[in-house]
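The values are calculated or read from the model by the stated rules, or taken from the named source; none is laboratory data. Just so it is clear, the structure is predicted and the values come from calculations on it, not from any experiment. Positions of Cβ are backbone-derived with ideal geometry, glycine not excepted, and every protein chain shown enters the neighbour counts. These accessible areas exclude ligands, DNA and RNA; they are computed on the full protein's heavy atoms, side chains included. Shrake-Rupley method; radii C 1.70, N 1.55, O 1.52, S 1.80 Å.
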Amino acid sequence: MEEKLGTISQTLVQGKAEDLQKEVQNALDQDITPEDIMNQALVAGMDAVGQKWKAGDMFIPEVIRSAKAMSGAMDIIRPKLSEAGGSTAGTFVIGTVLRDLHDIGKDLVAMMMEGAGFKVVNLGIDLDSDVFVEAVKEHQPQILGMSALLTTTMPQMGEVINALKEAGIRDQVKVMVGGAPVSEEYAEEIGADSYAPNAASAVDKAKELINA
């Protein structure tokens, strides 16, 4: 079994989407549990991708390829996890703030978070405060992620946090922010719980928030 799970991880790191789906299905056919495949192969593989990215051994196009391969594998394994009552790392809601149409970084974070075992709700782009508030009420996530790529849209992050306070649900969710113009100092200024400079670190920060 360990050899099979190792093969799945390696195929994921290589970003071979079709091969990965075949390997995952083959593992299921051999009665390897969905949770073992998820935790010991897929999550482990995405952890390796994150480490390689941080070390400069992988670049954005390769990371996206692996993340997309992971997404395809999740299409196969997600229903099996549900049937088995498999647990997730938590629920993560993410979106790009109002008047900001950028989604590549946000989508990469979403894929990396799913790869880390989170249930991910990707709200999309150009979202006003009400959308974030309603999503927190509906999905009751452990973490809310917000992205902004423009200095002109950054203040919307603070608006969302204020809206969460006004709705009486700010203390129910951890808020993580990120995007090119965003900084650790800015995150503290607007009252966010965490700041992630990139998708790989977002996963680490999310795990820290969950375990805090």
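Does ALA84 satisfy being in contact with an Asp or Glu (Cβ under 9 Å, 6 or more places away or on another chain), modelled with pLDDT under 90 and open to solvent by less than 30 Å² (accessible area, probe 1.4 Å)?
So ALA84 does not fit the description; no.
Can you tell me which residue among ILE125, ILE143 is of a type in the set (Val, Ile, Thr) and over 14 Å from the mean Cα position of the chain (by Cα)?
Of the residues listed, the single one that is of a type in the set (Val, Ile, Thr) and over 14 Å from the mean Cα position of the chain (by Cα) is ILE125.
Residue by residue through segment 172-191, note down the ones that are more than 19 Å from THR96 (Cβ to Cβ) and open to solvent by less than 80 Å² (accessible area, probe 1.4 Å).
GLU184, GLY191
Please work out which one of (1) crowded, with 18+ Cβ neighbours inside 10 Å; (2) farther than 17 Å from LYS54 by Cβ is the condition TYR195 fails and give its number.
(2)
Starting from residues that are among the small types (Gly, Ala, Ser) and crowded, with 23+ Cβ neighbours inside 10 Å, keep the ones in segment 118-152 and report whichever is nearest to VAL203 (Cα to Cα).
GLY145
For MET58, all conditions in the list (1) within 20 Å of ALA110 (Cβ to Cβ); (2) open to solvent by 40 Å² or more (accessible area, probe 1.4 Å); (3) free of Cβ contacts under 8 Å to residues at least 24 places away in the same chain hold save one; what is the number of the exception?
(2)
For segment 40-49, how many residues are open to solvent by less than 10 Å² (accessible area, probe 1.4 Å) and not hydrophobic (A, V, I, L, M, F, W, C)?
Residues in segment 40-49 being open to solvent by less than 10 Å² (accessible area, probe 1.4 Å) and not hydrophobic (A, V, I, L, M, F, W, C): 1 in total.
Sort out which residues of segment 153-171 are open to solvent by less than 30 Å² (accessible area, probe 1.4 Å) and in a loop (DSSP other than H, G, I, E, B), and write them in order of number.
Residues satisfying the conditions are THR153, MET154, ILE169.
Within segment 92-109, is there a residue that is touching a Pro at 6+ places or on another chain (Cβ under 7 Å), within 22 Å of ALA44 (Cβ to Cβ) and assigned to a strand (DSSP E or B)?
yes
Against the condition surrounded by 20 or more Cβ atoms within 10 Å (Cβ to Cβ) and closer than 23 Å to GLU184 by Cα, how does PHE92 come out, does it pass?
Yes: the conditions hold for PHE92.
Which members of segment 19-39 meet the condition of being free of Cβ contacts under 8 Å to residues at least 40 places away in the same chain and surrounded by fewer than 19 Cβ atoms within 10 Å (Cβ to Cβ)?
Result: ASP19, LYS22, ASN26, ASP29, GLN30, ASP31, ILE32, ASP36.
If you go through segment 40-81, how many residues are at pLDDT below 85 and not in a helix (DSSP H, G or I)?
0
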